[in-house]
There are 2 protein chains.
Amino acid sequence: MRAARFHAAHDIRIENVPAPAVRPGTVAIDVAWCGICGTDVHEYLEGPIFVPAANSPHPLTHEAPPVTLGHEFSGVVAELGEGVEGLSVGESVVVEPYVVCDDCLPCKAGNYHLCTRIGVIGLAGHGGGLSERVVVESRWVHPVGDIPLDQAALIEPLAVAYHAVQRSGATPESTALVAGAGPVGLLLAAVLKGIGVTTIVSEISAARLAQAADIADHVLNPTDDAVADRVRELTGGSGVDIGFECAGVNDVLDTVLDAVRPAGVVVNVSIWGSRASVDMQKIVLKEIDLRGTFAYVNSHKDVISLVQEGRIDLAPFITSQIGLSDVVSKGLTTLIEDNESSIKILVSPTM
Amino acid sequence: MRAARFHAAHDIRIENVPAPAVRPGTVAIDVAWCGICGTDVHEYLEGPIFVPAANSPHPLTHEAPPVTLGHEFSGVVAELGEGVEGLSVGESVVVEPYVVCDDCLPCKAGNYHLCTRIGVIGLAGHGGGLSERVVVESRWVHPVGDIPLDQAALIEPLAVAYHAVQRSGATPESTALVAGAGPVGLLLAAVLKGIGVTTIVSEISAARLAQAADIADHVLNPTDDAVADRVRELTGGSGVDIGFECAGVNDVLDTVLDAVRPAGVVVNVSIWGSRASVDMQKIVLKEIDLRGTFAYVNSHKDVISLVQEGRIDLAPFITSQIGLSDVVSKGLTTLIEDNESSIKILVSPTM
């Protein structure tokens, strides 16, 4: 079968590899669509990061490059391994793409997403969604019912956003600022609106701001607006209950810490390439909770329900659909050169 | 009456001022003992900080320097204003030394300690514990029963520690690291032990470490120990559930972020003089909650009960007792020149 495999930075190849065989307890899935994630872009430009280094195989998958990429995928069940129940051949599914040890203290505490040896399918081995077929343990396979398979490929990044909202403790009565409207920021705004939260988005790119305006209650551009002051105006003087830092930019983190009300919550969603400079006195004097959020845990069922109930419409987030051969030329390159107008590029491994 | 009044940095004077008169709804208290706080030291060295600037009176007290100092005090009820109930003349009490507006959003949400115009008695006006008599609104007066009045003067800093523990969500099953064993760090360790938490203290000063050894389950000295590694050894490999940063030092904050387990909580207790450099990736990948804590709110009754039940012994924290005339020479100067062997210096305004 064909697969997009990471060999090294700037070296992703479309190759023929043996199709994986189903084993007891696993499910073979014919991939329908696979999204390209910002993480994939980082691996392409600067990897290996979450991909194991050459000569340093991942402790659970025992694989090192080349590895197949793609962790945001939907597909159709092709074959069930011995002992698998609750799934049927032909069913539409998505995959929670984890490889975990089940043995470390976070795993035993139920925080499998914080497994000390965690691997991600599509980065650390065990195949990936940028190939025709994937075989995964049945525990990670979630049926999506009649959600169209292209939209279903966005369940994975939507779960990232959903888990960030869970970490925030948001309720329908909350007010929130989403600072940064990249794909995760936009999906976060969609989750917040889906559960009834009054949502303000700040973003510097006009193209992204236009996308956000279709979702959020208010949009602010830091170029024109003193964001924290405007947020206070929009919230009766108090500031928002919750701020989400989705940019990984120090000025944005400062703005979010400024824009939340006393006793508010700031969730850091973004990945940081370097240390941040933080005004600890603001955290102390306002008694802010600054919470990290990583991936998702036990989130997929809720996320799938939100989409099935029509509370989140994923169709507008799909900005192009390409074939596997074009992963680099029309996928990664587009996200690198013009990442403002693209939200999610989907890849079909059979196109 | 005599009072120690802040005029400017390095200018605290013992002066004769009119004794305050009781008004309806207030209580006159004859001060027994008043502790000298690190905040007082900062005001003396670099103030005005929490003291209003000259020509910029506090918005609620309408006072500017000179102001009477002292916010950690105990005393005896001398006179009750009209309408005051539930208190009796001659009763031992302590004061929660707040001046709040009751009108801002945090006040209305019950977070009076985060009042946007907050003032502290003994810093922002309305007198202070470094004088013979104080008159305060009855809502802030808490009877202490038979707790000796010298120990009762430590209820206020103990409330700071107690509130930090409340913010952490600690339970008797928790493990905790207290990083920094100044007065608040030591009191924090005492509160943690008082509620049954397994407590590790790290501290670089040998004198403070010796004090901590009488309270904590384990003490570590960063000069000799790789603190985060030792904390993992002491907690079965996981790291502590909760870390308290009580030093305001960047290396210490790094250690605490390293020493907590995945999904752990870090409470920043210290006051920072400058911005901190924070490894946001650690907060993200371990899903840490970094929580600020400020002063106390609705804490005094619980704190007084802990002391009355004998779960915290405050006597060892009192390292000297001096008269009002010696506030600078034997009080502030000692804390500045030799702050390692002193924990709490108490001042009697009538000695």
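The values are calculated or read from the model by the stated rules, or taken from the named source; none is laboratory data. The structure displayed is predicted, hence computed values, not measured ones. Counting neighbours? That spans all protein chains shown, and the Cβs are built from the backbone with ideal geometry, glycine included. These accessible areas exclude ligands, DNA and RNA; they are computed on the full protein's heavy atoms, side chains included. Shrake-Rupley method; radii C 1.70, N 1.55, O 1.52, S 1.80 Å.
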Tell me which residues, restricted to region B:287-300, are hydroxyl-bearing (Ser, Thr, Tyr) and more than 7 Å from chain A (Cβ to nearest Cβ).
B:TYR296, B:SER299
Would you say A:GLU287 is of a type in the set (D, E, K, R) and out of contact with any Ser or Thr (no Cβ under 9 Å at 6 or more places or on another chain)?
no
Can you confirm whether region B:223-236 contains a residue that is open to solvent by 10 Å² or more (accessible area, probe 1.4 Å), of a type outside the set (S, T, N, Q), assigned to a strand (DSSP E or B) and in contact with a helix residue (DSSP H, G or I) (Cβ under 8 Å, 6 or more places away or on another chain)?
no
Under 8 Å between Cβ atoms, which residue pairs at least 6 apart in sequence (or on different chains) link something in region A:220-234 that is touching a residue at least 24 places away in the same chain (Cβ under 8 Å) with a partner that is open to solvent by 20 Å² or more (accessible area, probe 1.4 Å) and part of a loop (DSSP other than H, G, I, E, B)?
A:PRO222/A:ILE204; A:ARG232/A:SER238
Of those in region A:113-136 that are among the β-branched types (Val, Ile, Thr) and within 25 Å of B:PRO262 (Cβ to Cβ), the residue nearest to the other protein chains (Cβ to nearest Cβ) is A:THR116
Checked region B:116-129 for anything of a type in the set (A, V, I, L, M, F, W, C), open to solvent by less than 10 Å² (accessible area, probe 1.4 Å) and either over 15 Å from the mean Cα position of the chain (by Cα) or not assigned by TED's automatic domain parsing to the domain that holds B:ASP30 (or both); matches are B:ALA124
Hey, among B:VAL327, B:VAL307, B:VAL303, B:VAL284, which residue is under 30 Å from A:ARG291 (Cβ atoms), in a helix (DSSP H, G or I), modelled with pLDDT of 95 or more and away from every other protein chain (no Cβ under 14 Å)?
B:VAL303
Flagged in region A:86-112 as open to solvent by 30 Å² or more (accessible area, probe 1.4 Å), within 13 Å of chain B (Cβ to nearest Cβ) and among the aliphatic types (A, V, I, L, M), in numbering order, are A:LEU105, A:ALA109
Any residue at all in region B:74-93 that is within 25 Å of A:ALA263 (Cα to Cα) and at pLDDT 95 or above?
no
Among the residues of region B:44-85, write down those that are free of Cβ contacts under 8 Å to residues at least 40 places away in the same chain, more than 13 Å from B:LEU123 (Cα to Cα) and either open to solvent by less than 10 Å² (accessible area, probe 1.4 Å) or of a type outside the set (Asp, Glu) (or both).
B:ASN55, B:SER56
Of the residues in region B:237-256 that are among the small types (Gly, Ala, Ser) and in a loop (DSSP other than H, G, I, E, B), the one that is least open to solvent (accessible area, probe 1.4 Å) is B:GLY239
Among the listed residues A:ASP214, A:ASP229, A:ASP254, identify the single one that is among the charged types (D, E, K, R) and within 24 Å of B:ALA295 (Cα to Cα).
A:ASP254
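Could you list, in sequence order, all residues of region B:257-278 that are outside any strand (DSSP E or B), farther than 30 Å from B:ILE147 by Cβ and either open to solvent by less than 40 Å² (accessible area, probe 1.4 Å) or more than 7 Å from chain A (Cβ to nearest Cβ) (or both)?
Quick first cut of region B:257-278, residues outside any strand (DSSP E or B) only: B:257-259, B:269-275.
Filter once more, keeping what is farther than 30 Å from B:ILE147 by Cβ: B:257-259, B:272-275.
Correct list: B:LEU257, B:ASP258, B:ALA259, B:TRP272, B:GLY273, B:SER274.
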